[in-house]
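In what follows, a structure is listed as structure tokens, so that the remarks can point back to it.
The values are calculated or read from the model by the stated rules, or taken from the named source; none is laboratory data. Everything numeric here is computed off the predicted structure, so don't read it as measured data. Positions of Cβ are backbone-derived with ideal geometry, glycine not excepted, and every protein chain shown enters the neighbour counts.
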Amino acid sequence: MVQGANALPAKRGRFALLTAVALIVLPIGVTAAFAQLRGHGGPVRGLAISADGQSAISGSFDSTAIRWSLTRNAAEQVLRFHSDAVNAVVLLADGRAATAGADGRIAIWTFGRTEPDAVLEGHTAPIVALAASPDGTALASASWDRTVRLWPLAGGAPRVLDGHTQNVNGVAFTADSHALISVSYDLSVRIWPLSGAETPTVVPMPTPLNAVAVGPDGEIAVGGADGKVYFLTDAGARTGEVAAGPRPVISIAISPDGAQVAAASIGGAVGVIDRKARNLARTLVGPGLPVWSMVFMPDSRTLLTGGADNIIRRWNAATGEPIDPILLETAGDPLAAYAGDRGAEIFRACVACHTLAADQGNRAGPTLAGIFGRRIATAPGYNFSEALKHLDIVWTPETISKLFEVGPQAYTPGTKMPEQRIGSEQDRAALVQFLERATRR
């Protein structure tokens, strides 16, 4: 379940099979009218586009990355290495790519090869964001082990940047490559000078932060769990804020010309902000599922989004319209039968990763069908982490409520769920009551 946090990992298993099947039916060439990119077997967690706009790379909960031709709208290569969700991807200045995942590893790839050129290890928890320095010398990674690591691309030991007290959810370089920006669930932005051992500038923020981007002029934009985008100077002074929507912002992108900021939410809408005017110019409305990743094309008008429905979509960011005429097709609202139920609304952020009925099976997370009375990590057909298998927890109204009162990391150490809490006792009770009704066998 998700509330204003980053990706839920998924194991390879059936997702890899679904990916393979999907790629078999991908067309060799498609007209511009059908601009969706389909091939992943799980939510699309990371996106990056080449400088010429001809190709892209995506990472998914299905544990793969895919290289795409944007001129043919077709997959060119599937990269398989990670043992868990691929949460972040980036294209490097030398034409290679980097992928990072919930397995805590970074793989450096030359396209066309079936194995990575190098594997960077050291993080002790999922990596959720990557950034390449504009000067091409370094790669930065943000992890839920509460550290940022700076990896020299020429080789050598990484520089470990620590100080955050919660999950680090985003990282970005300044345009001159002289500093690194990190954001965390600990309500802070940190600006790390890279020319020496200077201590970082720590900027307190009013909300947990999930994403960061830096404009071509050096201005910093961060996305918060309160649905707002906050703007800061390169020195850390706050210069404004814009409400992108009512739901937590989980992905953020700035157009190459610096004019627009796109902020995607856990609820599926993408707010497009006029950066100069500091207002919400328009909202892109998709199927209503979380949008985990976004990137602008070089023209600064076209936006690619990757979401929980496994599809990469194209939008005209200037008009707010989808480029693909079949873009908004959906399979229906799985919670339509529970309209008006407060617990169902709280659960809505979870439907991308969890089903409620046994015949719907597992997704990125296990099905919740029959959860009450079941021991933790025993749902059939799902590959749980070893740490969960050793916990002595049986799911009851009390234990589920406790999970969201203290947070998954404290209550279920070793979980792949993001750190999240439901502070309201009434909301926790409503969620539990909904699950009791909806998950009966």
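So for segment 171-179 (the condition being under 24 Å from LEU47 (Cβ atoms), of a type in the set (Val, Ile, Thr) and outside any strand (DSSP E or B)), does at least one residue qualify? Yes; the residues of segment 171-179 include at least one that is under 24 Å from LEU47 (Cβ atoms), of a type in the set (Val, Ile, Thr) and outside any strand (DSSP E or B). Filtered by the rule that a residue be in contact with a Leu (Cβ under 7 Å, 6 or more places away or on another chain) and within 17 Å of ALA65 (Cβ to Cβ), segment 282-310 gives SER293, MET294, VAL295, LEU304, GLY306, GLY307. With respect to the conditions (1) touching a Pro at 6+ places or on another chain (Cβ under 9 Å); (2) within 17 Å of LEU187 (Cα to Cα); (3) surrounded by fewer than 17 Cβ atoms within 10 Å (Cβ to Cβ), THR110 falls short on a single one, namely (2). Scanning segment 378-399 for residues that are part of a loop (DSSP other than H, G, I, E, B) and either within 20 Å of SER63 (Cα to Cα) or not assigned by TED's automatic domain parsing to the domain that holds PHE434 (or both) gives GLY381, TYR382, ASN383, PHE384, SER385. When the test is whether a residue is in contact with a Ser or Thr (Cβ under 9 Å, 6 or more places away or on another chain) and surrounded by fewer than 21 Cβ atoms within 10 Å (Cβ to Cβ), LEU209 does not pass it.
In segment 15-26, is there at least one residue being at pLDDT below 90, of a type in the set (Gly, Ala, Ser), surrounded by 24 or more Cβ atoms within 10 Å (Cβ to Cβ) and farther than 27 Å from VAL183 by Cα? No - not one qualifying residue is present in segment 15-26. Among the residues of segment 118-144, those that are of a type in the set (S, T, N, Q) and not in a strand (DSSP E or B) comprise THR124, SER133, THR137.
Select from segment 164-196 the residues that are free of Cβ contacts under 8 Å to residues at least 24 places away in the same chain and of a type in the set (S, T, N, Q) and write down the one among them that is nearest to ASN87 (Cα to Cα). Out of the qualifying residues, it is THR165. Within segment 111-124, residues that are farther than 15 Å from PRO152 by Cα reach partners that are in a loop (DSSP other than H, G, I, E, B) with beta carbons closer than 7 Å, at six or more positions or on different chains, in the pairs PRO116/PHE81; HIS123/GLY104; HIS123/ASP145; THR124/GLY104; THR124/ASP145. Checking segment 424-437 against the condition returns no match, with no residue being assigned to a loop (DSSP other than H, G, I, E, B), surrounded by 13 or more Cβ atoms within 10 Å (Cβ to Cβ) and touching a residue at least 24 places away in the same chain (Cβ under 8 Å). Tell me, please, whether a residue that is assigned by TED's automatic domain parsing to the domain that holds ASN87, touching a residue at least 12 places away in the same chain (Cβ under 8 Å) and crowded, with 21+ Cβ neighbours inside 10 Å can be found in segment 153-163. Checking segment 153-163: not a single residue is assigned by TED's automatic domain parsing to the domain that holds ASN87, touching a residue at least 12 places away in the same chain (Cβ under 8 Å) and crowded, with 21+ Cβ neighbours inside 10 Å. With respect to the conditions (1) of a type in the set (Gly, Ala, Ser); (2) part of a strand (DSSP E or B); (3) in contact with an Asp or Glu (Cβ under 8 Å, 6 or more places away or on another chain), GLY258 lacks only one, and its number is (2). Within the option set ALA125, ALA129, being within 18 Å of the chain's Cα centre (by Cα), within 17 Å of HIS82 (Cα to Cα) and surrounded by fewer than 20 Cβ atoms within 10 Å (Cβ to Cβ) holds for one residue only, ALA125. All conditions but one from (1) touching a helix residue (DSSP H, G or I) at 6+ places or on another chain (Cβ under 9 Å); (2) farther than 17 Å from TYR185 by Cα apply to PHE81; the one that does not is (1). No other residue among THR71, THR110 is more than 16 Å from the chain's Cα centre (by Cα), of a type outside the set (A, V, I, L, M), at pLDDT below 95 and over 22 Å from ILE250 (Cβ atoms) apart from THR71.
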